[in-house]
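Shown next, in structure tokens, is the structure this report addresses.
The values are calculated or read from the model by the stated rules, or taken from the named source; none is laboratory data. Computed from a predicted model, the values in this text were never measured in an experiment. Please note: Cβ atoms are built from the backbone with ideal geometry, for glycine as well, and neighbour counts cover all protein chains shown. Just so you know, the surface numbers come from the protein's heavy atoms only, side chains and all, with ligands and any DNA or RNA stripped out. Shrake-Rupley method; radii C 1.70, N 1.55, O 1.52, S 1.80 Å.
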Amino acid sequence: MKLNELTIKEAGEKLQSKEITSVELTRDCLARIKAVDDKIRACLTVCEEEAIAAAEEADRRIARGESGAFLGIPYLAKDNIMTRGVKTTAASKILADYTAPFDATVIEKLKKAGAVLLGKTNLDEFAHGASTENSAFGPTHNPWDLDRVPGGSSGGSAAAVAADMCLFALGTDTGGSIRHPAAFCGVAGLKPSYGRVSRFGLIAMTSSTDVPGPLAKTAEDAELVLKVIAGRDKKDPTTVDPKKAPARSVLSLSGLKIGLPKEYFIDGLEKDVKDIIEGAKKRFAELGARLVEVELPHTKYAVPVYYIITPSEISSNLARFDGIRYGLSVSEATGLREIYAQSRGRGFGPEAKRRIMLGTYALSAGYFDAYYLKAQKVRAKIREELDRVLDTVDCLLTPATPHAAFKIGAQSDDPLKMYLEDIFMAGPSLAGLPALVIPAGLADNLPVGLQLVGRRFDEKTILDIGRIYEEAEGRTIKKELDL
Ligand code: GLN
């Protein structure tokens, strides 16, 4: 077994017992990236020298007797997360040459813990999308089938973990961007509760739902990452004091009540996916959980509400990319208006432009009440309803996506179809709830995920349930990827 195939937990034990060094582990990851990434294209930047230097430093710390779950563990970060001295592009032409002058809080925390940054991963431009095809630098390919998308928008991170280029990767989730690619690539993806992990240093998409989180090989590893990156941060006033969060451990599924929202088991669900989720439900019941049907009638509004609120916030957040302050500036343009128009016109791709226009429209004086305000009111209902139902069960179990990974190009001309990819993801995002996607099985040799949605700030329960399920199922659905 190559060292890059290890989980964080396994590698951590081997590092601490000095059976392996971080330099060896890091070299195996870098070698794997070199061997397979010209086919997968998960990485936008690989910082080999810096990674080796960080690994050497971790080895010195271990030699001095320091310990820690992340000391010497190599990882990749989505390229909309600021990394000091390493390019951060958001997969956009407008930031193609941008190097961040500071680290995002999540990066800073991992650095302190001794983790080794290997590089940055591809995404849909500014995280707008569910296939990674909206990247200005070309799509990422799904390691399970190179003709297919890895999901998105954190498709590079999910593909990199699935192909063992790293031990884990960071993503961001605004309306599914960690969970959706986790499902398509057969890895574990955790969207923490809104406010659990600092957003400081993320390139903002939708500030009211953005949250960084892990893509990992197991739910157990995702929990380890959450522990390091979570917590109140003075630089992000929406973060909460972690002491207020429940932290009991679930040791077995017996006696647990899992809600099955009937609105999530829709007609559009592909037969294979339906069968796999039915199988998973049975498995949960065999393991002792009590499955009960619950109702979330406002679910049908989640995608339409998300696609009013998200573009509205995007149009405001992207206003800062004006050709003057950051990134691309079309200098041959004359006059301020021309600089704005040409820099934004050349710098943003079609999906970013579409969202800027939709959002500007929804926020404009004549339409604000009819669209944005109305959407916020319905959002409050969605949130209340989810909180109310979650008071009666320990978590919800839903499909993650209506189908497995689709072919590159198959949906890219149809934005509405792409927006429907978020059908099971948007509700928990609008409500700020934690949600975990783990592999549930294979359909035609492509991974299918299931989603567990937890109570606000109760990541612990869904992670425990995920771990117990993975252990019962032999942990992962991984096969030797044919690359
Ligand atoms: N697919 C969703 C969108 O395009 C989710 C994106 C995300 O979570 N960043 O908005």
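Project the alpha carbons of the stretch 140-250 onto their principal axes and report the range along each, largest first, in whole Å.
Answer, in whole Å and largest first: 44, 33, 19 Å.
What is the percent of Cα-Cα separations in the stretch 5-105 that go past 21 Å?
Result for the distance tail: 42 percent.
Work out, step by step, the length gained on full extension between Glu66 and Glu10: first 0.36 nm times the residue separation, then minus their alpha carbon distance; give nm to one decimal.
Difference between extended and current length: 18.4 nm.
Show me the ranking of peptides 252-259, 179-186 by mean Cβ neighbours inside 10 Å, starting with the highest.
Sorting 252-259, 179-186 by mean packing, highest first, produces 179-186, 252-259.
Taking each pair of different alpha-carbon atoms in the stretch 351-429 once, compute 1/r for the pair, average those values, and report the inverse of that mean as the Kirkwood hydrodynamic radius in Å to one decimal.
15.4
Could you tell me the center-to-center distance, by alpha carbons, between the stretch 276-312 and the stretch 341-402 in angstrom?
So the two Cα centres are separated by 18 Å.
So if R0 is 60 Å, what FRET efficiency would Ser249 and Lys353 give, r being the distance between their Cβ atoms, rounded to the nearest 0.05?
Computed FRET efficiency for Ser249 and Lys353 comes out at 0.80.
Projected area of the stretch 172-309, taken from the Cα convex hull and averaged over every viewing direction, in nm²?
The directionally averaged projection comes out at 10.0 nm².
To the nearest Å, what is the center-to-center distance of the stretch 46-63 and the stretch 68-92, using C-alpha atoms only?
14
Taking a threshold of 25 Å on the Cα-Cα distance, which of the pairs Lys78/Lys235; Lys78/Lys234; Lys18/Lys217; Lys257/Lys417; Lys112/Lys227 fall above it?
Table pairs above 25 Å Cα-Cα are Lys257/Lys417.
So how far apart, in nm, are the two label points at Ala472 and Ile266 if each is 7 Å from Cα heading toward Cβ?
2.8
Please list the radius of gyration and Dmax for the stretch 90-197, considering alpha-carbon atoms only, with Å as the unit.
13.5, 39
Principal axes first, then extents: for the Cα atoms of the chain, list largest minus smallest coordinate on each axis, whole Å, largest first.
Principal-axis extents of the chain (Cα, largest first): 63, 53, 44 Å.
What is the chain's relative contact order, in percent, from Cα pairs under 8 angstrom and six or more apart in sequence?
Across the chain, relative contact order equals 17 percent.
Report D for the stretch 115-157 in µm² per second (integer): Stokes-Einstein, Kirkwood Rh on Cα pairs, 25 °C, 0.890 mPa s.
240
Can you put Tyr361, Tyr75 in order of accessible area, largest first, using a 1.4 Å probe?
Result, largest first: Tyr361, Tyr75.
What is the Rg over Rh value, at two decimals, for the stretch 267-401, using alpha-carbon atoms and the Kirkwood definition of Rh?
1.17
Give the value in nm², to one decimal: projected area of the alpha carbon convex hull of the stretch 360-483, averaged over all directions.
The directionally averaged projection comes out at 10.5 nm².
What ranking, highest mean first, results for peptides 38-51, 122-135 when packing means the other Cβ atoms within 10 Å averaged over each residue?
122-135, 38-51
Which far-off residues, 5 or more places away or on another chain, put their amide H under 5 Å from the one on Leu291, with H placed in the peptide plane?
Under 5 Å from the amide H of Leu291 lie the amide H atoms of Ile258, each far enough along the sequence or on another chain.
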